[in-house]
Structures are given as C-alpha cells and as structure tokens.
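Asks: After the structure tokens below, expect a handful of questions from me.
Read-outs: derived from the displayed coordinates by stated rules, not from any lab. Keep in mind the model is a prediction, meaning the values are calculated, not measured. Cβ: placed from backbone, ideal geometry, glycine included. Neighbour counts: every protein chain shown.
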Amino acid sequence: MTLEREFLESLQRYFSEDRNTTHLALHQLHDLGKPLLLRGEVQDAFARLCESTNGKRLVGTPVERMLQATQEAVVDTDWLYLAVRLRVGHWGYLRLNSNLMFVEEIPVSEFLYFKERVVDHHEVGAEYILEIDLEPFLRGFPKMHETRSIGRGVEFLNRRLSSQLFEDSGKGNRLLLDFLRVHRYQQQTLMLNEAVDNVDSLRSALRQADELLMPVPADTPWEKLAPDLRALGFEPGWGKDAERIRSYMELLLDILEAPSPYSLERFLQNIPMIFSIAILSPHGWFGQSDVLGRPDTGGQVVYILDQVRALERAMRRSLLEQGLDIDPRILVVTRLIPEADGTSCDQRIEPIAGTRNARILRVPFLDSNGQVVPHWISRFEIWPYLERFSREVEREMLVELGDRPDFIIGNYSDGNLVASLLSQRLGVTQCNIAHALEKTKYLYSDLYWRENEEHYHFSCQFTADLIAMNTADFIINSTYQEIAGTGDSVGQYEAHGAYTMPGLYRVVHGIDVFDPKFNIVSPGADEEIYFPYTDSDRRLVHYDEEIRELLFGADGSDRRGVLFDTDKPLLFTMARLDKIKNITGLVRWYSECRELRDEANLVVVAGHVDPDRSSNEEEYEQILEMHRLMDEYRLDGHVRWLGMYLDKSFAGELYRAIADFRGAFVQPALFEAFGLTVIEAMSTGLPTFATSFGGPLEIIEDDVSGFHINPNHGAEAARRIAGFLVRCREDPAEWQRISTGALARVSARYTWKGYAERLMTLSRVYGFWHYVTDLERDELRRYLEMFYSLQYRPLARAMLD
Ligand code: UDP
Ligand code: LCN
C-alpha cells in the first residue's frame, strides 16, 4: 500500500464525520452515468458541485484532495474505484462505497481488475489474467525517492556507487581495478597491463608514475613517456601528455583513498571505452534528404543525424585528450527498402554528411521464407520482422565494424526492442530513446487495445516497450515531463507503471519513474542552420527571392491562398499534417478570431495541397479539412498554405524571414512529445507559441521565452497570440523581449554539444554500473526473455496470419 497513512486516516475520519457531503460528492460521480471517468471529468463534476450551497462545504476537505488527485475512476453500481496520484510518481488506489460510507486502499491489481470488468463484463477466467510485476527483480537495486531527483539518475548513481562500492572493505577498489583491466581497442590493451594485478600494486604504480612525471615538462606526449609508464603497468588511455596523465592518475589515487561522487564521475567520464556506437532506428524512411514528411518520418531522423554529428565530435575530442589515435565509428542502422521511391533508402551504406566516419547501414527485412520485403511498412506493422532483422543486423554490423559496438542506442519502440535483443546477445551497454511513447498518445489505447489492434497492433508495441525499458541500462529523455509529467499531468513513462490490457495481461509494476536509469539529456537544433535572425553575416541571402515568392507569390498545385495585405506580421506553423499536430485546429482558431485575422496573416507549411499526392489516410483527411476551412472561412487572402517539405537550410532561413517580419511561430499540437520545431524557431529568435501538452511546456517559460497555448481552448489561444501582436505593434520592445528570452533559453538548455558530452559521460558511468551489477541482473534478464518468447513472439507472428 502506498498512500500516506495520514491522508487515508483523514479521509476515513471525514467519511464518518460528514456523511452528508461525502455522499453528495460520491453521488455526483455516479450520476455522470459513465463506467470510466478521466481526471478532467472528475474535476469538472467536483467544480459543479462546489457551486451549490452544500457542495461548497467540501472545499478544503480530504474529499476535495482525493478528487483533485484522482486520475481515473471506475464507477460500479455501489462502488467507486479511484486511481489517485497525490504527487508526481506517487500512486495509490482506493475503493469507496457511498451507502456504507466506506473507504479503503486497495492493491493496484484490484483496481485494474475492476477496470478490466468494464471492458470484459465478468468474462469467465478474467481474474486469471497474466500479471506482470517487475518490482521484485529491482529490490536489490538503488531507487530514488525525491521527485526532484527524477531524470537525474546518473548523479544519484554516482553517489551510490561511490559510497556503496568503497565502504565494503576494499571490494570496490578491486572492482575498479578489474574494470580498468578490461579495456582494449582491437588487439591493443588500454589503461593497465598484467603488471598491475592487485590494488596495492596499482597504488604503488600510481605513486611511482607520479614521481616520474613530476619533473617532466607538462606537454611531453604519451609516446615519449610510454616505455617508462608501460614498465610500471600503464597502457595508453591515461592522457595525451604528461600533465593530463598525471592529473588523471592523481584523480584515481584520490578515489582509491576516499571516493566522492564528483571524482568518480570525472574519472569514469574519461575512461577510453567507447570507440564505436550502433544507433538503431529501423522504421520509416531514414535518409539525409527527401524523406521528411513521408509517413512515420519526422523529427526522429533529424534528431539522429544531428546527434551523430555531435557524438562523433565529442568522441573525437575525448579520444584526443586520452592520447589515443583512434577514429571513432558510428553506424546508424535502419531498414533497407528496395522500392525506395527515389530516396537513398535502397542503398546499403551511406556516409553521413558532416562526419568523418559515420554511416547509415541499411539491412532489409526478410519475410518468413527468407525473401527480402521490398516495400515500405508502417511502424505499426513491423513487429513480425524485428527478431530476424536483429540477427541480420548483428551479422552485418560485425562485418562493418569488425567487432561488436561498444555502445548501442535504440530509438522509438522498434529500435529499442532491437537494441535490447542485440545488447543482450552481445553484452553491450544499452541506451533507449523513446522520442514518443505511443501509449499516451491515444486515449485508453491499453484498455481498449482490441479495438485498436487491427490498425495499430498496440499489443506488440506495448509489450516491446515494456521489455526494452527494462533491459536498457539507461534511458535518456528530452524533458522531465516525458518521464514523470507535471503536478497536473501524468508522464509518458509514468503511464507505463501500471496498466491493463484485458484478456492479454495486467501490468502492476512496469517501470518506476524513480529508477535511476532515467536521465534528462535534451537535444538541440543544428546551430549551423538555426542561428539568430540578427546574425546577418551568416544569413543565406540567396534564398531571399525564393522566400518572397513562396510567401507572397501566385498560388499553384502545391500552394493555396495569396495574402492580400503583405505588410502584416506573419504567423508561421510547420509540421507533418497528422491529426495530432492540430494544424487544422490552428487554422480554425485563426479563422474564428477577428482580432487575430486583423493583426496577422497565417503561413502554413504542411502536407500537400493536392490530396491525391498523399499516401496516408490520416494526412488525406487533414488535407480535405484544410480545404473545407479555407472555403468555409474564405481564407484565401489571409492564409498561405504551402503543401511541401522544406529543405532544412531553407527552413532555417524561413524562420528568420518570419522574424524579420516581426511575426511568430505557432506549434498547436494536441500533444507533442518534445517538438524540435519549437527549439528551431526559438534558436532563430522567433517568438513561439506552443502547446502546453508535452515537451513545449518545459521548453518554454511562459511569457519569458515564449508562450504556452492550450490546444483545447482555441479561442483563448488565438486571443493570446493576437494580444501579443497588438502589444508588439504598440511597443516593438515587447517582441524583442520574447525573442531575446527564446535565444537565451535555447543556448542555456538545448545544444547538441551539451547533449553529446552528457551522453558520452552517461555511457561510461552506466557502462561501469553494468559491469559491476552484471550478475545481479540475471533473474530479470531471464524473466524478460521468457516474456519475450511467450508473449511478444506469438503476438508478432500472429500479425502475419
Ligand atoms: N521539417 C522540415 N521540413 C518540413 C517540415 C518539417 O525540415 O517541411 C523538420 C522540422 O524542421 C523538424 C522536424 O522536421 O526538425 C520535425 O520534428 P518535430 O520534433 O517538430 O516533430 P515530429 O515530426 O518528429 O513529430
Ligand atoms: C518524435 C516526436 O513526436 C517529437 O515530439 C520529437 O521532437 C521528435 O520525435 C524527436 O525526438
């Protein structure tokens, strides 16, 4: 049981002392006549109740606290079952009876059971559903307790590692010694050779090396010092010159004497252990040009390509500092699509521009007869191919790299699953990046999974997610809210803590947001492309003409609307034309807000103007909706709709051109996991209004570096944007204030350089953690293997029947 005792007791007391109002409150929920209630519905019902004379008495009572914290309610004839989240990450479950005036805490499985009954209506055998509980496997592992620690796993782990490892009379030092002896690059031994075989000899070798290095000029290179240091037991990797080698050795001596989290992190972050990385991203069209906007192909591709460039630079820098002449290698592994539709997706190998040694490796999917699958497959349909794909990838990757990679990064549910399979087989540190977890995007996608199965196959996807989250050594997150939400909303990972898919399985402990594997490492926006509009020396002026034409020129097959008044500021939006991006929502708000129409024109870059050019059902519908809105509200003189995908450098210049016009960027999504366009716009100094659901809520500080808008309250959002534009018209300093705030925010928090350095540090610290806890993970590993074989594999295979 997890609810605070004090809260529960105050609730029970209130139930017996004020039966009347309690009864009233609970009946209010029963009277809604729905078996399942969401948080908003419970809160609205409570707010209505508080307007009545009797209801008012509930304000400030434990019942109010309970209902405000309720995330979900199951309503049965006489009973109510509530999922209550009193604080971020802290859940408890209650059952209440308004006739008996009874309240008690119940286990999560009981709450989920009553949820299942809403769907399965007392189906025979429903109570024997498979229950997944991963908590027992994690008992031996450290767990955080403070909500502010969530997403800062590595800091916590360093504290734990440094105290735990070293308090155990010398065991920690031995582990560290063993760890230093495992490093090698190809045939070359790094760090320590056999001459150092115990902690005492390590200490004495370090002291001798210190004496040897003391009189030597600071810039003496490793090569010159190598014969003497080798004789003491040291191999390359300690540093490029005498100064660095000495300070690194001193750091180790300090750690052996009395470790601190800070010194341990500094030490681990410089160990030469990552020379090659495999980045898995199987689905979609993965290429360097002409792929964005195709189905399933958006920010993830941009993210990975920028990430690779930044990682290669960071790896190169650190290898240089370590004194190693090694060329780091990065392979982005994706799917080879023979019917590539003019893209490079049918090329096995493609060098990545802006890198020295990073490449895309494409491996085809094979069907059950071993034949190559020629066509593109949606991310919702690829599950049956992944296991075989992972085998093929393993083979081809070994050929390309000549060895196993030192570190594997998965992307999205499919890439994370393949990363799990590979990491388990190769014994390599695994990192996951979700980009977006599908479960939270669709209401009741778990509970009503059967209804969605034909289109989405969430049974496979959520099973894959659960396995991958639990095999990963660490998970990186773009924002805190991705892990644990906010005081008001549930985080994407948090939503995988407990849920049920009736008839399939019930998860009572899937993942814990207090697990130190979570780390916030936010991406950036390519600084070569998205730089401030004021940086005139770098501006790509040759695009000026093309941009003018695009914004104000004639209409045509891929553009609709010609702006009447070209002097007005421009509101700009750019996204894939998916329903969740809510571009049509923005067009509607704009149309219906006189004030906003008066203040600005709207420029939309999304989808295709010609519906026949769309190959995607959802996009097709949205295109028709765009035309309907343009017709209904006579928008052709006020909205410029460009149905095209813009090249990255052109898009960068377009954001700046909109800034020249003192316009603003709008990101109106119903939910946005992170939102690269938001940081891109902000990096150019363009004031940005973005959804308050998802990453943008955290990226933007409201009214400082941009503005939040609620996509469910369009009229209010439109008035907010109009109000800003009016203020800017009256006082240009207002526009400047937000523009400067946006630039400051991204340079402080969202840069690829900061990202890459952090990720490299994490890979080493978790690599060490993986090494020292390897044996203790066996139980979990075997359990997940069984879950994979008995649950995932048959579900995936059934998709081909
Ligand atoms: N993008 C682009 N040209 C376009 C539309 C989008 O280059 O015409 C890029 C955009 O600049 C951003 C990415 O596609 O880098 C979209 O990423 P975001 O995270 O905003 O959304 P996603 O598509 O991943 O949901
Ligand atoms: C997927 C999404 O939905 C976006 O919100 C992210 O910005 C993108 O991936 C990159 O992580």
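Asks: Whole-Hz ³J(HN,Hα) for each residue in the range 530-542, computed from phi via Karplus 6.51 cos²θ - 1.76 cosθ + 1.60 with θ = phi - 60°, x for glycine and proline: what do you get?
Replies: Per-residue couplings from phi come out as 9, 10, x, 5, 7, 7, 4, 4, 9, 5, 8, 5, 5 Hz.
Asks: Let me ask you something else. Any idea which of Leu790, Tyr750, His283 is furthest toward the positive side of the dipole for the chain, if Lys and Arg beta-carbons carry +1 and Asp and Glu beta-carbons -1?
Replies: Tyr750
Asks: About its Cα centre, what dipole magnitude does the range 405-534 give when the only charges are +1 on Lys and Arg Cβ and -1 on Asp and Glu Cβ, stated in debye to the nearest 20? Could the numbers behind the result be given before it?
Replies: Details: 6 positive and 17 negative charges, 80 e Å.
Approximately 380 debye in magnitude.
Asks: Specify the inter-centroid distance of the range 49-128 and the range 585-602, based on alpha-carbon positions, in whole Å.
Replies: 42
Asks: Size of the dipole of the range 659-751 about the Cα centre, Lys and Arg at +1 and Asp and Glu at -1 on the beta carbon, nothing else charged, in debye to 20?
Replies: On the way: 8 positive and 11 negative charges, 21 e Å.
Dipole about the Cα centre, nearest 20: 100 debye.
Asks: Among Val765, Gly503, Phe365, which residue has its Cα positioned farthest towards the positive end of the charge dipole of the chain, with +1 placed on the Cβ of Lys and Arg, -1 on the Cβ of Asp and Glu, and the dipole taken about the Cα centre?
Replies: Sorting the options by dipole projection puts first Val765.
Asks: Stretch Glu454-Tyr262 to full length: gain in nm at 0.36 nm per residue minus the Cα-Cα span? Walk me through the numbers before you get to the answer.
Replies: Details: separation 192, 0.36 × 192 = 69.12 nm, distance 5.11 nm.
Full extension from Glu454 to Tyr262 adds 64.0 nm.
Asks: Another one. Mind checking the full-extension length gain between Val216 and Gln43? Use 0.36 nm per residue of separation minus the Cα-Cα distance, one decimal, nm.
Replies: Details: separation 173, 0.36 × 173 = 62.28 nm, distance 7.16 nm.
Stretched out fully, the Val216 to Gln43 stretch lengthens by 55.1 nm.
Asks: To the nearest 0.05, what FRET efficiency results for Ala715 and Arg781 with a Förster distance of 41 Å applied to their C-beta separation?
Replies: Numbers: r = 53 Å, r/R0 = 1.29.
Working from the Cβ atoms, E equals 0.20.
Asks: Further, regarding this structure: Round to a whole angstrom and tell me the spacing of the C-alpha centers of the range 472-501 and the range 747-798.
Replies: Each part's Cα centre sits 16 Å from the other's.
Asks: If you don't mind, another one. Each label point is 7 Å from the Cα along the Cα-to-Cβ direction; what then is the distance between the points at Asp558 and Asp544, in nm?
Replies: For the pair Asp558/Asp544, the computed spacing is 2.4 nm.
Asks: If a paramagnetic tag sat 7 Å from the Cα of His121 along the Cα-Cβ line, which residues of the range 8-40 would have the backbone N under 17 Å from that point?
Replies: Zone members listed by number: 34-36.
Asks: Also, quick follow-up: Under 16 Å from a label point 7 Å along Cα→Cβ of Ala226: give me every residue in the range 242-256 with its amide N that close.
Replies: 242, 245
Asks: Sticking with this one: Would you please put 43-53, 664-674, 601-611 in order of how densely packed they are, using the mean number of other Cβ atoms within 10 angstrom per residue and starting with the highest? Each step should come with its number before you reach the end.
Replies: Working: 43-53: 13.6, 664-674: 25.1, 601-611: 23.1.
For the peptides 43-53, 664-674, 601-611, the packing ranking is 664-674, 601-611, 43-53.
Asks: Amide H to amide H under 5 Å from Leu36: which residues, 5+ apart in sequence or cross-chain, H placed 1.01 Å off N in plane?
Replies: Excluding prolines and chain starts, which carry no amide H, the hits are Val75.
Asks: State to the nearest 20 debye the size of the charge dipole of the chain about its Cα centre, where the only charges are +1 on K and R beta carbons and -1 on D and E beta carbons.
Replies: Numbers: 88 positive and 124 negative charges, 191 e Å.
The calculated dipole for the chain is roughly 920 debye.
Asks: Check which residues have an amide H placed less than 5 Å from Val605's amide H, if you skip close sequence neighbours.
Replies: Thr573, Met574, Ala575, Leu642
Asks: For the ranges 561-567, 25-31, 743-749, what's the packing order if you count other beta-carbon atoms within 10 Å of each residue, average per peptide, and put the highest first?
Replies: On the way: 561-567: 13.3, 25-31: 18.7, 743-749: 17.1.
So the order, starting with the most tightly packed, is 25-31, 743-749, 561-567.
Asks: Another one. Pull out a ≥ b ≥ c, the square roots of the eigenvalues of the alpha-carbon gyration tensor of the range 142-246, then state rounded if a/c is under 1.5, prolate if not and a/b is larger than b/c, and oblate in the remaining case. Write out the running numbers ahead of the final one.
Replies: Details: a/c = 2.26, a/b = 1.88, b/c = 1.20.
It comes out prolate by the Cα gyration axes.
Asks: Also, quick follow-up: Taking every DSSP beta bridge that has both residues in the chain, what percent is antiparallel when rounded to the nearest 5?
Replies: Approximately 40 percent, going by the DSSP bridge assignments.
Asks: Which one, Thr334, Gly298, Leu324, projects farthest toward the positive side of the charge dipole computed for the range 273-358 from Cβ point charges (K/R +1, D/E -1)?
Replies: Toward the positive end, the furthest listed residue is Leu324.
Asks: Between the range 606-667 and the range 346-400, what is the C-alpha centre distance in whole Å?
Replies: So the separation of the two Cα centres works out to 33 Å.
Asks: Let me ask something else about it. Using R₀ = 41 Å, calculate the FRET efficiency as 1/(1 + (r/R₀)^6) where r is the Cβ-Cβ separation of Lys753 and Gln371; round to 0.05.
Replies: Details: r = 45 Å, r/R0 = 1.09.
Once the sixth-power term is evaluated, E becomes 0.40.
Asks: In the range 316-364, what percentage of the DSSP-assigned beta bridges are antiparallel, given to the nearest 5?
Replies: Details: 3 of 10 bridges.
So the antiparallel bridges in the range 316-364 amount to around 30 percent.
Asks: Mind ranking 332-342, 302-312 by how tightly packed they are, going by the mean number of other C-beta atoms within 10 angstrom, highest first? Spell out each step's value before the answer.
Replies: Details: 332-342: 19.1, 302-312: 22.7.
Ranked by mean Cβ neighbours within 10 Å, highest first: 302-312, 332-342.
Asks: So what is the 222 nm mean residue ellipticity for the chain from helices alone, if each DSSP H run of at least 4 adds -39500 (n - 2.57) and you divide by all residues, rounding to the nearest 500 deg cm²/dmol? Can you show the working numbers first?
Replies: Details: 30 runs with 358 residues, N = 801.
Taken over the chain, the calculation gives -14000 deg cm²/dmol.
Asks: Follow-up. Over the chain, what is the mean sequence separation of C-alpha contacts under 8 Å (at least six apart), divided by residue count, expressed as relative contact order in percent?
Replies: Details: 1423 pairs, mean separation 93.8, N = 801.
It comes to 12 percent, rounded to a whole number.
Asks: Just subtract the alpha-carbon distance of Gln288 and Glu701 from 0.36 nm times their residue separation and send over the number in nm, one decimal.
Replies: On the way: separation 413, 0.36 × 413 = 148.68 nm, distance 3.25 nm.
Result: 145.4 nm gained on full extension.
Asks: Hey, another quick one. Say R0 is 51 Å: what FRET efficiency, to the nearest 0.05, do Tyr633 and Arg388 get from their beta-carbon distance? Please report the intermediate quantities before stating the final value.
Replies: On the way: r = 51 Å, r/R0 = 1.00.
The computed FRET efficiency comes out at 0.50.
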